[in-house]
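Everything below concerns the one structure shown next.
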Amino acid sequence: MNRTAIIAGAGGAVPPRIVTNHDLERRLDTTDDWIRTRTGIRQRHVVEPGMSTSDLAAEAGSRAMKQAGMTSADLVVVATTTPDRLCPATAPTVASRMGLVDTPAFDVSAVCSGFIYALQVATNAVMAGAAESVVVIGAESFTTILDPEDRSTVAIFGDGAGALALRAGDRAEDGAVLDFDTGSDGSLRDLITVRAGGAEQRATGRPAAPEDAYFRMEGQSVFAHAVRRMAETSRRTLATTGWGVEDVDWFVGHQANQRIIHAVADQLGIGAERAVSNIHRVGNTAAASIPLAISDSATAGRLRRGDRVLLSAFGGGATWGAATLVWPDLPAA
Ligand code: COA
C-alpha cells in the first residue's frame with residue numbers, strides 16, 4: 001500500500017463582523033476603488049475583542065471533523081501567525097475545545113505558507129504510521145496585530161480559519177494528499193515582521209514602540225518574491241507528482257492579492273478560470289487563506305470528486321510551499 005493522508009472533511013469559519021472597503025474609506029486615507037483594483041478585496045471579516053484565533057480554529061476544525069464523521073483524532077496541527085498567546089501554543093486549546101482529550105497538538109509557524117507546512121507535517125505523520133487521523137487547521141486573528149493607521153496592511157488582511165480532517169489511506173484513492181515542495185530564505189525576514197514580542201526584544205513590562213509592536217510589510221518586494229517563489233515551488237511539486245499544468249483542475253494560491261494569484265497562474269500557464277479565489281470576500285487571512293478558500297469552494301460545489309488540485313503559498317520568513325492533491329467525494333457538510 002502506498003500510504004498517505006486522505007481528505008475526509010473540510011471546514012471554514014469567519015467572525016461575524018464585516019468591514020467593507022467603504023468602512024475603511026471613512027477612517028483612513030484610502031478608497032474602495034484603490035483597494036479593489038490593487039488587491040481584488042471588497043471586504044474582510046474582523047474579530048471583535050473577546051474573540052480569538054482558537055475560537056475560529058475550533059469552529060473550522062469541528063466542522064471538518066463532523067463532515068468526516070470523526071469523533072477522535074491522533075494529532076491536531078494548527079498553523080497560525082497570531083496565536084492566542086506567545087506561550088503556550090494555541091493547538092492544545094483548540095483540541096480541548098473540539099472535545100479531543102489527551103491528543104497531541106502543536107502549532108506550526110510559517111506565516112502565509114503555514115497551512116502547507118502543517119499539511120506536510122500531518123501527511124508525514126500519517127505516512128510514517130504515527131497517526132491514523134489528523135485535524136490540520138490554518139487560523140488567524142491577523143487584524144489584532146495590524147497598526148490601525150497603516151492603510152497598506154489594514155486594507156489587505158482579515159481574520160478566519162479553515163481546516164481539513166485527514167485519515168490514513170492509499171495514494172490511489174480520491175482525496176489523497178500527494179506531494180509537497182517547501183523552502184525558506186531567512187535573509188528576507190524583515191520583509192514581513194513583528195519585531196517586538198519575541199526573545200530578541202525582551203519583555204520589559206512596558207509596551208513596545210508602535211513601529212516594533214505592529215505588523216510591518218514591504219508590500220512591493222513581497223509581491224515580487226511571492227510571484228516568483230509560488231511559481232517555482234508549484235512547478236517543482238507538479239514535476240514530482242508527474243502532472244503537467246493541463247492536468248490541474250484547480251489552482252488554490254494563497255489569497256494574498258488577486259493580482260498575485262493571476263500572475264502566478266499566468267506564469268504557470270493555468271487559465272484564470274481555474275484559479276480559486278475568495279479574496280474579495282475575506283481578504284488575506286494568512287495561514288487560514290488556503291484552507292478557507294478550499295472550504296468555500298467545496299461548499300459552493302466547485303471542487304468535485306477526482307479534481308486535481310495544486311496549492312501554493314508564499315509568506316513571511318520568507319517561506320514558500322506547494323502541494324498536490326485529488327479532491328474526494330465528501331458528504332454534505
Ligand atoms: N489606499 C490608498 N493608497 C495606498 C494604500 C491604500 N490602502 N496602501 C498603499 N497605498 C499607497 C502607497 O502609500 C503608495 O503611495 P506613494 O506612491 O505616495 O508612496 C502607493 O499606494 C503605491 O504603493 P505600492 O506599495 O507601490 O502599491 P502596490 O501596487 O504595490 O500595492 C500592496 C500595495 C500592499 C497591495 C501590494 O504590494 C501587495 O499586495 N503586496 C503583497 C502583499 C502580500 O501578499 N502580503 C502577504 C504575504 S504573502
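The values are calculated or read from the model by the stated rules, or taken from the named source; none is laboratory data. Because the structure is predicted, anything quoted here is derived from the model rather than measured. Don't worry about glycine lacking a Cβ; one is built from the backbone with ideal geometry, like all the others, and counts go over all protein chains shown. The protein model used for the area step is the full one, side chains on, heavy atoms only, and it has no ligands, DNA or RNA in it. Shrake-Rupley method; radii C 1.70, N 1.55, O 1.52, S 1.80 Å.
The single condition among (1) part of a helix (DSSP H, G or I); (2) within 16 Å of the ligand (Cβ to nearest atom); (3) open to solvent by 70 Å² or more (accessible area, probe 1.4 Å) that PHE115 does not meet is (3). Residues that are at pLDDT 95 or above, within 16 Å of the ligand (Cβ to nearest atom) and closer than 21 Å to ALA287 by Cα occur at least once in region 57-80. Considering each of THR53, THR30 in turn, give the residue that is over 23 Å from ALA79 (Cα atoms) and either among the aliphatic types (A, V, I, L, M) or touching a residue at least 60 places away in the same chain (Cβ under 8 Å) (or both). Residue meeting the stated conditions: THR30. Of the numbered criteria (1) open to solvent by 20 Å² or more (accessible area, probe 1.4 Å); (2) on the phi < 0 side of the Ramachandran plot; (3) away from the ligand (no atom under 16 Å from the Cβ), the one ILE145 fails is (3).
When THR103, THR123 are checked against the criterion of being assigned to a loop (DSSP other than H, G, I, E, B) and away from the ligand (no atom under 16 Å from the Cβ), a single residue qualifies: THR103. Put simply, of GLY186, GLY175, GLY169, GLY162 the only residue that is small (Gly, Ala, Ser), surrounded by fewer than 18 Cβ atoms within 10 Å (Cβ to Cβ) and more than 14 Å from the ligand (Cβ to nearest atom) is GLY186.
The set of residues in region 299-318 being within 13 Å of the chain's Cα centre (by Cα) and near the ligand (Cβ under 10 Å from one of its atoms) consists of ALA313, PHE314, GLY315, GLY316.
For region 186-236, filtered to residues that are of a type in the set (Lys, Arg) and part of a loop (DSSP other than H, G, I, E, B), the residue that is modelled with the lowest pLDDT is ARG202.
Conditions (1) more than 30 Å from ALA172 (Cα to Cα); (2) near the ligand (Cβ under 10 Å from one of its atoms), marked per residue:
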{"residue": "ILE6", "(1), (2)": "no, no"}
{"residue": "GLY11", "(1), (2)": "no, no"}
{"residue": "THR31", "(1), (2)": "yes, yes"}
{"residue": "ARG42", "(1), (2)": "yes, no"}
{"residue": "HIS45", "(1), (2)": "yes, no"}
{"residue": "THR53", "(1), (2)": "yes, no"}
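Counting only residues that are assigned to a helix (DSSP H, G or I), within 16 Å of the chain's Cα centre (by Cα) and without any contact (Cβ under 8 Å) to a residue 40 or more places away in the chain, region 262-298 holds 0 of them. Scanning region 117-151 for residues that are of a type in the set (D, E, K, R) and within 20 Å of the chain's Cα centre (by Cα) returns a single hit, GLU140. Contact annotation: residue pairs with Cβ atoms under 7 Å, 6 or more positions apart or on different chains, pairing a residue in region 189-209 that is free of Cβ contacts under 8 Å to residues at least 40 places away in the same chain with a partner that is outside any loop (DSSP other than H, G, I, E, B), are ARG195/ASP212; ALA196/ASP212; ALA196/ALA213; GLN201/ASP212; PRO207/ALA213.
Conditions (1) at positive phi; (2) more than 16 Å from the ligand (Cβ to nearest atom); (3) open to solvent by 10 Å² or more (accessible area, probe 1.4 Å), marked per residue:
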residue	(1), (2), (3)
TRP250	no, yes, yes
HIS262	no, no, yes
ALA265	no, no, no
ILE279	no, no, no
VAL282	no, no, no
ALA286	yes, no, no
ASP296	no, yes, yes
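Contact map, region 221-246: residues that are surrounded by fewer than 18 Cβ atoms within 10 Å (Cβ to Cβ) paired with residues that are assigned to a helix (DSSP H, G or I), Cβ distance under 6 Å, separation 6+ or inter-chain. Pairs shown: SER221/LEU191; VAL245/LEU268.
Inclusion of PHE223 among residues that are more than 15 Å from the ligand (Cβ to nearest atom) and aromatic (Phe, Trp, Tyr) is not warranted.
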